[in-house]
Amino acid sequence: MSRLATGRGRRRTGAVGTNVLRSEGREKLVGTARYVADFVVPGALSGVTVRSPHPHARLVEIRRDPRFDWRGAVVVTAADLPRLGAENVVALIVDDQPILAEGVVRHAEEPVALVAAATREEAERAANHLEVVYEPLAPLLDYELSTTDFDRFSIEQGDAARALRRAAHVVEATYRFGAQEHAYLEPNGVVAIPGEGGAVELRGSMQCPYYVHKALARLLGLSGDRVRVVQTTTGGGFGGKEEYPSVVAGHAALLARAAGRPVRILYDRAEDLVATTKRHPGHVRHRTGLDRQGRLVAMEVEIVLDGGAYATLSPVVLSRATIHAAGPYRCADVTISGRVVATNTPPHGAFRGFGVPQVAFALERHVDRIARTLGIDPVELRRRNLLADGEAIATGQRVADAGDSRATLEAALRRGRWAKRKREFAAFNREQSAKRRGLGLACYFHGTGFTGSGEIKLASVAAVELVRGGRVRVLAASTEIGQGTRTVFAQIVADTIGIPVAAVEIVEADTARVPDSGPTVASRTVAIVGRIVADAATSLDRALRAHAGRTADARWTPRDFARAAERYLDSGSPARFEARFANPARQVWDDAKHRGDAYGAYGWAATLAAVEVDLATYEVTVLDLVSALEIGRAIHPRMAEGQIEGGLAQALGWGLFEDVVWKNGRMANGQLTNYILPTSVDTPPMTTVLLDRPYAHGPFGAKGVGELPMDGGAPAAVNAIVDALGVELDAIPATPERIAAAHARSPA
């Protein structure tokens, strides 16, 4: 079925769908993987960043202490950029963010100067002898008071206002959520190596080498061929190393150009916590109409996100949030409006889920509130309203496999023994005076790849090369950040051609060697880039078979393939085969109206959470999670399950533990001692059910998986707390203090 669904893999070697060894696993296990901090760069200086202590201020002057010996230090400020031939901008979506503050600072921790010296200690000592004169200005720290929009989107389907007036029931509430720190294993770090005539080579920890490449070319006024960006082994990203490495890379490159020597910038954990982007905080207001049978007839949704001081990737986060705000439910009349606004806080940016966790939390909490208000079982309410195959989501897109949302719900209910455990928990709560148990549920979906026409405009390219020895080399900019990209690409190529996985090698993400296959974001690596890689491998296979006179159905043996490859290469035939994204799902999208085919594919999921709440301390123990997901076909089931478990754990952290405390625009708890992350003790047993429903346009039927599980963990857990205590929790994280306050407000 999988082979027919994709038209690829007809000579399968059995790699796809199996748990082959991870290609980079051994080097990480034994400690030979080289992270950016491990690179020895002769003559490299260490760079540090001088940051504003104020959330908003006029930058009056930067003075050097005349008593300090500056001969061993290199200093760069915004005033030096013209001399260095640099433009003061971090190139991304909107040119609003300077690489160094000039004239005014708009958030605490904003970079105002750069210093490099032989060692980090010497650089910090020199930085401490820079006197920065500020004139503090009144900051805007409350996003609800902001009148400056970075972007806004709206979706209109039918007439929601009229439908609300006619509805038998109307339920309204507002749901709030805080920021979240990425907490990747490895903080940000890069090394910049200057070349002749101002050229630069940049190596570092990142997700998107071509984002950094674009930013450096613009910053330094260079053509693309004079900028080389290479990803080093990267200890996690989660979106936090999507756009922010362009800032660190720009700082290192400026210092390297000024010094004429390589410069390394390595953040420590404290700097990384307070200075880098976070998940967007904000709120979602729902006003929902239902008929007497509990069917949705109108949805009015308002989204407001805090973007911080600069736009970064806020427009695309808001766009995805807006599209997903109505969830996997049918509703004829829908109005969704979204805004992302400016404040004097550090910019918020990309984070796993890209705006969907925020709206999924609000919607799934609201569905449970509706169920309680109407006296309908929350499972039954979802059953009545979940989309069926061929029905339309809020953008008007008719989704062929929308019924998989219902299938995942039923699978999760069965595996989680929902009805039986409801009875068991009711008995437990009658017998216990110190604790309460509850069950919660969330249904959710997530689009694969860039939104709307994004993939079409990006036109990603990937390539494969035939090399001697019967091997095939994959060239793509998709990065390995712990999710298994290298292994999955090797599986796809191996089964497309019919060769062993060991015969496939993956080139490092190096802009001098690999084409631009787009960023490693948006659950697009396997479903989008993997499909392009498969197309390129198919072209290689056809060319080799034609040259060798072999039919399409003849299986390769390793020896036959190696011999054919040698003869082919000896003939001087082209060894490299490229493929480009070709819009296989035939998406049609209207950017102006936000209507049409938002994504080529969606993943569908349902998660059940069981919790126990201590009535003395209001601490929450998540007893277990059961999730059923439809992600097409899992190329590597064990790694897919690892992505699911990791995403759910991260979602529980956001929903229950992780509270970014802001004080005068700064993160006040910027240490891992008081920014509370869930540990292995807090991570519950998890059961995962994968529905094998191959997607026709993905490689071997695969869809995206990385972001989907991030969307459901928080609402499922909070709904379980509500079930246990009979309270309403409308804000996360659901800390003991917040739960206690809600319990105190609830009727006796």
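Descriptive notes on the structure:
- About its Cα centre, the dipole of segment 9-60 is roughly 380 debye, where the only charges are +1 on Lys and Arg Cβ and -1 on Asp and Glu Cβ.
- Given 28/241; 28/703; 278/593, the pairs whose alpha carbons are separated by over 22 Å: 28/703; 278/593
- Its convex hull of Cα atoms gives segment 529-594 a direction-averaged projected area, equal to a quarter of the hull surface, of 6.2 nm².
- Legend: Rg and Dmax of segment 625-748, from Cα coordinates, 17.6, 56 Å.
- Segment 121-194, dipole about Cα centre (Lys/Arg Cβ +1, Asp/Glu Cβ -1), debye to the nearest 20: 740
- Spin-label model distance (nm) - residue 430 vs residue 583, 7 Å beyond Cα toward Cβ: 6.2
- Using bins of 10 Å that start at zero, the share of Cα-Cα pairs per bin across segment 581-637 amounts to 16, 25, 24, 18, 14, 3, in whole %.
- Kirkwood's formula applied to the C-alpha pairs of segment 502-547 gives a hydrodynamic radius of 12.3 angstrom.
- Computed from backbone phi, the HN-Hα couplings of segment 398-405 come to 8, 10, 5, 10, 4, x, 5, 5 Hz, rounded to whole numbers (Karplus: 6.51 cos²θ - 1.76 cosθ + 1.60, θ = phi - 60°; Gly and Pro given as x).
- Cα extents of segment 322-363 along the three principal axes, largest first (Å): 39, 20, 14
- Peptides ranked, highest mean first, by Cβ atoms within 10 Å: ranges 15-24, 357-366, 219-228, 637-646: 357-366, 637-646, 15-24, 219-228
- Projected onto its three principal axes, the C-alpha set of segment 443-588 covers 50, 32, 30 Å, listed from the longest axis down.
- Antiparallel bridge percentage (DSSP; both residues within the chain; nearest 5): 75
- Segment 555-700 - percent relative contact order, Cα under 8 Å, separation 6 or more: 23
- When only the Cβ of Lys, Arg, Asp and Glu is charged (+1, +1, -1, -1), the dipole of the chain relative to its Cα centre reaches about 2120 debye.
- Look at where the Cα atoms of segment 667-743 and of segment 473-544 average out, and the two centres are 31 Å apart.
- For segment 386-393, backbone phi angles converted through the Karplus equation (6.51, -1.76, 1.60; θ = phi - 60°) give residue-by-residue couplings of 5, 4, 10, 3, x, 7, 9, 7 Hz, Gly and Pro being listed as x.
- Percentage, to the nearest whole number, of Cα pairs in segment 38-123 over 22 Å apart: 35
- Calculated P(r) of the chain - Cα pairs past 34 Å, %: 50
- Label-point separation, residue 563 to residue 67 (7 Å along Cα→Cβ), nm: 8.3
- Per the Cα gyration tensor, segment 555-694 maps to an equivalent ellipsoid with semi-axes of 45, 23, 20 Å, ordered largest to smallest.
- Part-to-part distance (alpha-carbon centres) for segment 28-94 and segment 243-289, which is given in Å: 13
- Highest mean packing first, where packing is the average number of other Cβ atoms within 10 Å per residue, the peptides 543-556, 523-536, 34-47 line up as 523-536, 34-47, 543-556.
- Mean Cα-pair separation over length for the chain, i.e. relative contact order, pairs under 8 Å, 6 or more apart, %: 17
- Principal axis box of segment 220-315, alpha-carbon based, largest edge first, Å: 73, 34, 27
- Per-residue Karplus couplings for segment 508-518, computed as 6.51 cos²θ - 1.76 cosθ + 1.60 with θ equal to phi - 60°, are listed in order as 4, 6, 9, 5, 7, 10, 10, x, 7, 9, x Hz, Gly and Pro entered as x.
- Rel. contact order, % - alpha carbon contacts under 8 angstrom, at least six apart, segment 184-336: 22
- Amide proton proximity set for residue 51, modelled H, under 5 Å, gap of 5+: 112
- Residue-averaged [θ]222 nm for the chain, counting only DSSP H segments that reach four residues, each worth -39500 (n - 2.57): -8500 deg cm²/dmol
- Rounded to the nearest 0.05, the FRET efficiency derived from the C-beta distance between residue 372 and residue 225 at R0 = 51 Å is 0.25.
- Grouping the Cα pair distances of segment 82-177 into 10 Å bins from zero gives a pair-distance distribution of 9, 24, 27, 16, 12, 8, 5, 0 percent in increasing distance order.
- Straight Cα distances below 17 angstrom link residue 435 to the aspartates and glutamates 424, 612, 614, 619, 624, 723, 737, with same-chain residues fewer than 8 positions distant left out.
- By average C-beta atoms within 10 angstrom, highest first, the peptides 336-349, 427-440: 336-349, 427-440
Any read-out appearing in this document is the output of simple, stated calculations on the displayed coordinates, not a laboratory observation. Quick caveat, the model's predicted, so the values are computed rather than measured. Neighbour counts run over all protein chains shown; Cβ positions are idealised from the backbone, glycine included.
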